[in-house]
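Have a look at the structure below before the remarks.
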Amino acid sequence: VRLHFRGVNEVYIDGELVPESLARVSVFDHGFVTGDGVFETVLVREGKPFALQRHLDRLARSASGLGLTLPAVGELEQAVAAVAGNGPRAGRARLRITVTAGTAPLGSGRGSGPASVVVAVAPLTDAPPAAAVAVVPWSRNENSALAGLKTTSYAENVIALEWASARGASEAIFGNTVGNLCEGTGSNVFVVIGGALLTPPLSSGLLAGVTRDLVLELVAAAEKDVPLETFARGEVEEAFLTSTTRGVQAISSIGGTELRGAPGPLTGVARGALSDLMSSTDVP
Ligand SMILES: Cc1ncc(COP(=O)(O)O)c(C=O)c1O
């Protein structure tokens, strides 16, 4: 591919860099029609993507789970470098890689054409240090065909986030079908119970967050099922969210019940460890 620099706000689409206003996907695209696609959101700081290899590895896992063929890694890397480099030079940005099944007839069946590949960047403001969260009345299905895959079928997350915002929360938390803590709409959750830092295991149906993995590598934490009831019973001493855009973010209240002293000491340790890592490297 040839990627010519033409200025800011350029989007990579199917092999070309074009101005945002000309970046168009077909109305027959199966990603648009059914949500048949995979994506990644990568943090970009001063034009440089953070932990890109981990995101590309997860994109490959998601694509394989959906049976989609990705473009060659070199093409994706080149597209990311071009779009990240053309985006906001100062501060933070979010870069999104989206790959869908391409055009198809207007039903659930796939077409035979090539995938649609889009890489786009948008500015990103700093996340506040703490967030109020709400536990939604719907469950993550740990037995779903999509469990653990980062697909563009995100309407469940959209509804959950709307539900949480209407209750003054900035993230919605899902339990799974057996009543254990799972994850947020776009984040993973860590809790401190009895002084131990815990996070739900992959088997709970969550998406294996890049930030979750980094925190597990940086601080002492165990992957363990946590019944949602522990929140209502007041057993959770501290809690925090992890995500590409939030980093480590303390949870200040759950369903309107304050977690006193947020951010707690273990949250502070995790937050400090991630921020030290991020200031020392782009490629953990
Ligand atoms: C459902 C879901 N869980 C967890 C995460 C956190 O993952 P990461 O740390 O890779 O951003 C995300 C994405 O951002 C997500 O969409």
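Observations, loosely collected:
- From the alpha carbon centroid of the range 109-133 to that of the range 58-77 is 15 Å.
- DSSP bridge pairs, the range 147-284: antiparallel proportion in percent, nearest 5: 90
- Each helix, a run of at least 4 DSSP H residues, gives -39500 (n - 2.57); summed and divided by the residues of the chain, these come to -8000 deg cm²/dmol at 222 nm.
- Antiparallel DSSP beta bridges within the chain, as percent of all bridges there, nearest 5: 80
- Taking the Cα centre of the range 64-199 as origin and assigning +1 to Lys and Arg Cβ atoms and -1 to Asp and Glu Cβ atoms, the resulting dipole is close to 180 debye.
- Taking a ≥ b ≥ c as the square roots of the eigenvalues of the alpha-carbon gyration tensor, the range 8-68 is classed oblate because a/c is 1.5 or more while a/b is no larger than b/c.
- Taking the number of Cβ atoms within 10 Å of each Cβ as an exposure proxy, the fewest-first ranking of Ile251, Ile97 is Ile97, Ile251.
- Over all other residues within a Cβ to Cβ distance under 12 Å of Asp14, the charged ones net out to -2, with Lys and Arg as +1 and Asp and Glu as -1.
- Each other residue within a Cβ distance under 14 Å of Ala101 adds +1 if Lys or Arg and -1 if Asp or Glu, for a net charge of -2.
- Relative contact order, percent, the chain [alpha-carbon distance under 8 Å, six or more residues apart]: 17
- The trypsin sites (Lys or Arg not before Pro) found in the range 131-191 that occupy coil by DSSP, while having at most 16 further C-beta atoms within 10 Å, are Arg167.
- Candidates per GluC sites (Glu not before Pro) in the range 37-144, loop by DSSP, up to 14 other Cβ within 10 Å: Glu46
- Normalised by 2.2 N^0.38 Å, where N is the number of residues, the C-alpha radius of gyration of the chain stands at 1.02.
- Anisotropy class assigned to the range 1-144 is oblate, per the alpha carbon gyration tensor with a/c at or over the 1.5 cut-off and a/b no larger than b/c.
- Crossing angle, helix 155-165 versus the chain [Cα axis fit, 0-90 degrees, rounded to tens]: 50
- Trypsin sites (Lys or Arg not before Pro) restricted to the range 206-237 and DSSP loop, no more than 16 other C-beta within 10 Å: Lys224, Arg233
- Dipole of the range 27-99 [Lys/Arg +1, Asp/Glu -1 at C-beta], most positive-end residue of Leu59, Phe39, Ala81: Ala81
- Degrees separating the helix 52-66 axis from the principal Cα axis of the chain, which is the longest one: 80
- Sorted ascending by nearby beta carbons within 10 Å, beginning with the fewest, Val269, Val215 become Val269, Val215.
- With neighbour counts taken as other beta-carbon atoms within 10 Å, the residues Ser252, Ser280, Ser62 rank, fewest first, as Ser280, Ser252, Ser62.
- The range 199-284: C-alpha gyration tensor shape, a/c 1.5 cut-off, then a/b vs b/c: oblate
- Across the options Ala270, Ala122, Phe50, the greatest Cα extent toward the positive end of the charge dipole of the chain (unit charges at beta carbon of Lys, Arg, Asp, Glu) belongs to Ala122.
- Degrees between helix 73-86 axis and first principal axis of the chain (Cα, 0 to 90, nearest 10): 80
Just so you know, all these numbers are worked out from the coordinates, no wet-lab data involved. The shown structure was predicted, so the numbers you read here are calculated from the model rather than taken from an experiment. Here Cβ is always computed from backbone atoms with ideal geometry, including for glycine, and neighbour counts include all displayed protein chains.
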